[in-house]
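One structure is given here, and the rest of the page talks about it.
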Amino acid sequence: MTVTSDPTVPAASAATGAASDDALRMGPAVLRSRLIHGTGKFPSDDVLRDCLAAAQPDMITLAIRRLSLEGGGRNELEGLDLSRFTLLPNTAGATTAQQAIRMAHLARAASLSELIKVEVVGDERTLLPDPAGTLEATRVLVEEGFTVLAYTSDDVVLALRLEEAGAAAVMPGAAPIGTTLGIQNPFNVRLIIDRLQVPVVIDAGLGVPSEAARCMEWGAAAVLVNTAIARARNPVEMARAFGEAVVAGRRAFLAGRADISFEAVASSPTAGLPTSSS
Amino acid sequence: MSIAITVNGERRDVEEGITVAALLASLDIRASRVVVEHNMRILRAGDFGDARIEDGDELEVLQFVGGG
């Protein structure tokens, strides 16, 4: 970790990436790391723990499910100290607003926090979100005092409606959940980032770190990654790579890209060339 | 005297007058890691000891698991 001693330069670190005052705030959550780390589908508890150590996220996602009463039900969170993270429970599995609201209530009782990722699936095969159900659940839960992070498609107007409904963040998918197809509709993703005032978190479908970096360069507030890490050949190294990519992308966004020119502009001086001998 | 209840969708016979806390203990479940819904009402962990289970009651015992 490098910390500059020059007081005029904001402190930066490899772990947090950008200036120390560059925390992402969503309701009660204050995140230094802009990589939100999923916890599903990991090959083992140990691998998940090592991934979290490598990627150093502040926020992790969780699902809520029935406990196996016969014992032996595997729980990959068993060995994890959840108190070290800001917990973002999801409503995954809900197909109606009512189910999502019920799961949000259960998650609140379990996490003792009002943070919820609203996820209402509208189609089994693509797991794409149900627009009406997502909007309805967001409205109700915001009204009840939840800090709602709404998982949505890349539809720009729906993203705007979720913002109007009081979502603390809007989370468009890059591609369907678990596909690792990468950013399928970059134009819409960029429009959503540009049009919304609330943080935009790119969720679902990312495959490789360069895609996460790209989202961050465009001005996404954060990215949420699960399958791309959990199902990588070496999940721990992939977790580290995503962590670094998010830091790099955020740093680049804050730095501001150079202007695009459609004519070549020499990088080396045009003056001072040695005289030609011919 | 035993009563029939439903826990996580499965029918179970338990002792009449049993509390949620006692039910969890009998199932070897650590109360600190679960959320309990009793007839669709969420119980606070502090209320497990007082919550008596009646014949026909439905309980859901849930926990956080890995997810995205």
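Just to be sure I follow the definition: excluding the sites themselves, where is the longest run in chain A that has none of the GluC sites (Glu not before Pro) in a DSSP loop with at most 16 other Cβ atoms within 10 Å? Between exposed loop sites, the widest span is A:145-262. Under a 5 Å amide H cut-off, with hydrogens placed 1.01 Å from N, A:E76 pairs with B:G66 among residues at least 5 apart or on other chains.
Across the stretch A:253-266, rounded Karplus estimates of 3J(HN,Hα) from the backbone phi angles (6.51 cos²θ - 1.76 cosθ + 1.60, θ = phi - 60°) give 4, 5, 5, x, 6, 5, 5, 7, 10, 8, 10, 5, 10, 4 Hz, Gly and Pro being marked x. When only Cα pairs below 8 angstrom with a gap of at least 6 residues are kept, chain A shows a relative contact order of 18 percent. Per residue, the average separation of C-alpha pairs within less than 8 Å and at least 6 apart gives chain B a relative contact order of 41 percent. Taking Lys and Arg as +1 and Asp and Glu as -1, the other residues whose beta-carbon sits under 12 Å from that of A:V156 total -1. Distances between every pair of Cα atoms in chain A, grouped in 5 Å steps from 0 to the bin holding the largest one, split as 1, 6, 12, 16, 18, 16, 12, 7, 4, 3, 2, 1, 1, 1, 1, 0, 0, 0 percent. In this structure, A:S267 and A:T96 have a Cβ-Cβ separation that, at R0 = 45 Å, corresponds to a calculated FRET efficiency of about 0.20.
Once R0 is set to 41 Å, what does the formula 1/(1 + (r/R0)^6) return for the Cβ-Cβ distance between A:F187 and B:E58, expressed as a FRET efficiency to the nearest 0.05? Once rounded, the FRET efficiency stands at 0.25. Summarising the strand pairing of chain A, around 15 percent of its internal DSSP beta bridges are antiparallel. For A:L128, the residues whose modelled amide H falls within less than 5 Å of its own, excluding neighbours fewer than 5 places apart on the same chain, are A:G122, A:D123. Taken about its Cα centre, the protein assembly as shown carries a charge dipole of roughly 880 debye when the Cβ of each Lys and Arg holds +1 and the Cβ of each Asp and Glu holds -1. Multiplying the residue separation of A:A23 and A:Q197 by 0.36 nm and removing their Cα-Cα distance gives an extension gain of 61.0 nm. Amide H contacts for A:N90 (H built 1.01 Å from N in the peptide plane; partners 5 or more residues away or on another chain; cut-off under 5 Å): A:L62, A:A63, A:I64, A:K117.
Here's the picture: charge each Lys and Arg Cβ at +1 and each Asp and Glu Cβ at -1 in chain B, and of B:T6, B:S32, B:L59 the one pushed furthest to the positive end of that dipole is B:S32.
Relative to its Kirkwood radius, the Cα radius of gyration of chain B gives an Rg/Rh of 0.96. Taking other C-beta atoms within 10 angstrom as a stand-in for reagent exposure, A:F146, A:F85 fall in the order A:F85, A:F146, fewest first.
Phi angles across the stretch B:18-24 convert, under the Karplus curve 6.51 cos²θ - 1.76 cosθ + 1.60 with θ = phi - 60°, into 3J(HN,Hα) values of 5, 9, 4, 4, 5, 4, 4 Hz, Gly and Pro given as x. In a reduced charge model with +1 at each Lys and Arg Cβ and -1 at each Asp and Glu Cβ, the stretch A:65-199 shows a dipole moment near 140 debye about its Cα centre. Rounded to the nearest 0.05, the FRET efficiency derived from the C-beta distance between B:M1 and A:N234 at R0 = 56 Å is 0.45.
Rounded to the nearest angstrom and listed largest first, the equivalent-ellipsoid semi-axes of the stretch A:139-278 from its Cα gyration tensor are 38, 20, 13.
Computed on the stretch A:90-187, with alpha-carbon pairs under 8 angstrom and 6+ residues apart, the relative contact order is 22 percent.
If you look at the Cα atoms of the stretch A:108-221, you get an Rg and a Dmax of 13.5, 39 Å.
Taking trypsin sites (Lys or Arg not before Pro) as exposed when their DSSP state is a loop state and no more than 13 other Cβ atoms lie within 10 Å, the longest site-free interval of chain A runs over A:126-232. Between the exposed loop cleavage positions of chain B, defined as trypsin sites (Lys or Arg not before Pro) in a non-H, G, I, E, B DSSP state with at most 14 neighbouring beta-carbon atoms within 10 angstrom, the longest gap is B:1-29.
We did not get these values from a lab; they are worked out from the coordinates using the rules stated. None of the values given here were measured: they were computed from a predicted structure. Cβ coordinates were reconstructed from backbone atoms using ideal geometry, including for glycine residues, and neighbour counts include every protein chain displayed.
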